[in-house]
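What follows is a short report on a single structure.
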Amino acid sequence: MQITFLGTGTSSGIPMVACDCAVCASANPKNTRLRSSVLLEKDGQSLLIDASADFRAQALRHRIRDLTAVLITHIHADHIFGLDEMRRYNQIYRKKIPVFLSAVFDREIREVMRYLYETPKQIGGGVSALDNRVLKPLEPLNIAGLTVTALPLKHGLLEIFGYRADNFAYLTDCSFIPEETFTALKGVDAVALDALRATPHPTHFSLAEAVAAAKRIGARETYFTHIAHNLEHEATNQTLPPHMQLAYDGLIINV
């Protein structure tokens, strides 16, 4: 399985609007972070985790010609507004795009993005045709040739999903990992894990909290993502334990 980090930034992206800090002004491309998302590819199939608000730019940069399915962790804007771009794949391939998410978020997304789901749809420039499918937590399912398990996480007070796909796990926007999720993570080779900034935050892991969680998960490699402008790429990596690093936009790994 090939994994491409399409974006590794927090909801504001880096550089942030109207910010002149050292990271936002950095010439190092690894400090430029679109909104967080990853693409998993195996045997000619492609699985997107979160359709970020920057999906159009990400799809153009990485020449994403088709998608087999999309997994949604939660329905904050930076994780779902890219669903509007699925209409291009609808037009080319004459198919709906399967979108997997929790039962709660399935109900809520039909309100947040009502125009995608209302019947009849308004005739005009076209809207994405999506086929929502509800996932049960901790129940493995074959999606796009991968064994996918939805993993319960807490994002502040919000109950969201992370995902395990074969031996890779994607745990973004989390501030707490339940015991049953740690159990389901046993044996993963690589994990992408939320690490917003050095100081504590009510809805995200700090860098120290993420390192502690990564040590408990015990993956061979850990890549931190959903990063704010408080963490400079090179300087932060020099402080991290072996086999842990900040991910960056365009990073490709194989698991």
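Spot the failing condition for Ala51; the list is (1) more than 27 Å from Val104 (Cβ to Cβ); (2) assigned to a loop (DSSP other than H, G, I, E, B), and only one is missed.
(1)
Give the residues of the range 172-193 that are surrounded by 24 or more Cβ atoms within 10 Å (Cβ to Cβ) and in contact with a Ser or Thr (Cβ under 8 Å, 6 or more places away or on another chain), sorted by residue number. Let's see the steps before the verdict.
Step one: list which residues in the range 172-193 are surrounded by 24 or more Cβ atoms within 10 Å (Cβ to Cβ), which gives 172-174, 181, 191-193.
Passing the criteria: Thr172, Asp173, Val191, Ala192, Leu193.
Restricting attention to helices (runs of 4 or more DSSP H) lying wholly within the range 75-193, give those where 2 or more residues are within 25 Å of Leu34 (Cα to Cα) and touching a residue at least 24 places away in the same chain (Cβ under 8 Å).
Details: elements: 77-80, 87-93, 103-112, 114-117, 179-184.
Result: 77-80, 87-93, 103-112.
Yes/no per residue for (1) surrounded by 13 or more Cβ atoms within 10 Å (Cβ to Cβ); (2) under 17 Å from Pro98 (Cβ atoms):
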| site | (1), (2) |
| --- | --- |
| Met113 | yes, yes |
| Glu118 | no, no |
| Val127 | yes, yes |
| Arg133 | yes, yes |
| Glu139 | no, yes |
| Pro152 | yes, no |
| Leu158 | yes, no |
| Tyr163 | yes, yes |
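State which residue pairs qualify: first residue touching a residue at least 40 places away in the same chain (Cβ under 8 Å) and inside the range 1-24, second residue assigned to a strand (DSSP E or B) and among the basic types (Lys, Arg) in any location, beta carbons under 6 Å apart, and separation of 6 or more residues or different chains.
Met1/Lys42; Gly7/Arg35; Thr8/Arg33; Gly9/Arg33; Gly9/Arg35; Gly13/Arg35; Ile14/Arg33
Every number here is computed from the coordinates shown, using simple stated rules; none is lab data. As the structure is a prediction and not an experimental result, all values here were calculated from the model. Neighbour counts are summed over all protein chains in view; Cβ atoms, including those assigned to glycine, are modelled from backbone coordinates with ideal geometry.
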